[in-house]
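What follows is a single structure, written as structure tokens, with notes after it.
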Amino acid sequence: MNRLSMRIAILPGLCLWILGAVSCASAESLFRRGLEAERGERNSEALEFYRAAVEADPDFVKASNNRALLLLKADQKAEALAEIERALQRQPRYAVGLVTRGNIREALGQNESALADYAAALEAAPELNEALFNRGNLLLKMRRPGEALTYLRQAHQALPDARDIAAARATAEKSAGDPAVALRIFRELQQQSPGSESLERHIAECLLALKEYQAARESFERLYARSGRSAYLFQAAVAAYAAQDLNNARSMLQQVIEKKPDEARAYYLLGMLDFKNNARASAIQNLQKYLELQQGDEETARRVQTLLQHLQGSQTAP
């Protein structure tokens, strides 16, 4: 017998080419070897085991899913998408695979398609936490916090100790839900990461939303003292303005402008302070400066233009 074609059965479902050392193992065993390689961070080896598992059994979609995730991790997005598409052609309602395709499409910037994949995954498996979190988190990134809340609340209820889910839910609650709930969650997270600037900022913003102006101002002032960032000093001025501490608000706004002369929001708030104090000329000057510098906030710009027309009209009236 030609030795090149000689095979010896070793175990049921496993055969070995003597010279080529080519395994004919079952898809399951190849998949397990892929998992072992991946745990050992031997990703190239893992990719080959997953590929071999799919070749041994084209319906073994778990192997395709893991292979797609590794390709995505390696920034091979097109290859990852093609891999998971093959799996979903075999099993269109494979929920985990739908989530993976959503991850890939999200990485490609195809957000609406990714949302559709997460929705399809939830239709197939309504309590799949990864789909709940991914859909909610993507909606949050797309600045749709009201829509995100339903999914993030459900994911957080299922996995209350998952920090990323808790932080996402609290961020959505702060913007479109219950700032008191957001404050509680952020404070719980802060206990685990007491030096986090991001968490301190979120807490200060919640306090401002809850009209706890003094506590908010103190938090923003601490952040400014720590970082020197003028944005925190501006927020402290907002808290002082809301608390009717107008002199301190003005002083802080002037400091903001000294540090960042193109801070449009500071001119807007100074203009409103001048308007409150019936200092029309100064109000007009600051509000015009706001319009000159502002970018993108069309609603506020329209309100300012209306106010300027009123101020300029009253200035010229006999």
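The values are calculated or read from the model by the stated rules, or taken from the named source; none is laboratory data. This one's a predicted model, so the numbers in the text were calculated from it and none came from an experiment. So basically every Cβ, Gly included, is an ideal-geometry build from the backbone, and we count neighbours across all protein chains shown.
Observations, loosely collected:
- Taking the criterion of being within 15 Å of GLN309 (Cα to Cα) and surrounded by 14 or more Cβ atoms within 10 Å (Cβ to Cβ), the residues of segment 280-297 that qualify are ARG280, SER282, ALA283, ILE284, GLN285, ASN286, LEU287, GLN288, LYS289, TYR290, LEU291.
- For segment 70-102, residues that are of a type outside the set (Gly, Ala, Ser), in a helix (DSSP H, G or I) and surrounded by fewer than 22 Cβ atoms within 10 Å (Cβ to Cβ) total 12.
- Considering (1) assigned to a helix (DSSP H, G or I); (2) among the charged types (D, E, K, R); (3) more than 19 Å from GLU130 (Cβ to Cβ), the lone condition that ARG67 does not fulfil carries the number (3).
- Count of segment 102-119 residues which are of a type in the set (D, E, K, R) and free of Cβ contacts under 8 Å to residues at least 24 places away in the same chain: 2
- The condition (being buried (at least 18 other Cβ atoms within 10 Å of the Cβ) and without any contact (Cβ under 8 Å) to a residue 60 or more places away in the chain) is satisfied by just one residue among ALA209, ALA249, ALA215: ALA249.
- Extreme residue, farthest from ASP75 (Cα to Cα), among residues of segment 37-62 that are among the basic types (Lys, Arg) and surrounded by 14 or more Cβ atoms within 10 Å (Cβ to Cβ): LYS62
- Identification of helices (runs of 4 or more DSSP H) wholly contained in segment 135-234 with 1 or more residues that are touching a Ser or Thr at 6+ places or on another chain (Cβ under 9 Å) and within 22 Å of LEU269 (Cα to Cα) yields 197-209, 213-227.
- With respect to the conditions (1) farther than 22 Å from ILE203 by Cα; (2) free of Cβ contacts under 8 Å to residues at least 24 places away in the same chain; (3) out of contact with any Lys or Arg (no Cβ under 8 Å at 6 or more places or on another chain); (4) assigned to a helix (DSSP H, G or I), GLY296 lacks only one, and its number is (4).
Listed here are the residues, each with its yes/no results for (1) surrounded by 15 or more Cβ atoms within 10 Å (Cβ to Cβ); (2) at pLDDT below 95; (3) charged (D, E, K, R); (4) within 30 Å of GLN244 (Cβ to Cβ).
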{"residue": "TYR118", "(1), (2), (3), (4)": "yes, no, no, no"}
{"residue": "ASN134", "(1), (2), (3), (4)": "yes, no, no, no"}
{"residue": "GLU147", "(1), (2), (3), (4)": "yes, no, yes, no"}
{"residue": "ALA155", "(1), (2), (3), (4)": "yes, no, no, no"}
{"residue": "ALA162", "(1), (2), (3), (4)": "yes, no, no, no"}
{"residue": "ARG169", "(1), (2), (3), (4)": "yes, no, yes, no"}
{"residue": "ALA182", "(1), (2), (3), (4)": "yes, no, no, yes"}
{"residue": "GLU188", "(1), (2), (3), (4)": "no, no, yes, no"}
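Here's the yes/no breakdown for (1) more than 20 Å from ARG93 (Cβ to Cβ); (2) touching a residue at least 24 places away in the same chain (Cβ under 8 Å); (3) not acidic (Asp, Glu):
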{"position": "LEU138", "(1), (2), (3)": "yes, yes, yes"}
{"position": "PRO145", "(1), (2), (3)": "yes, yes, yes"}
{"position": "ALA158", "(1), (2), (3)": "yes, yes, yes"}
{"position": "ALA168", "(1), (2), (3)": "yes, yes, yes"}
{"position": "SER175", "(1), (2), (3)": "yes, yes, yes"}
{"position": "ARG184", "(1), (2), (3)": "yes, no, yes"}
{"position": "GLU188", "(1), (2), (3)": "yes, no, no"}
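- Options ALA266, ALA281; residue that is assigned to a helix (DSSP H, G or I), of a type in the set (A, V, I, L, M) and within 34 Å of the chain's Cα centre (by Cα): ALA266
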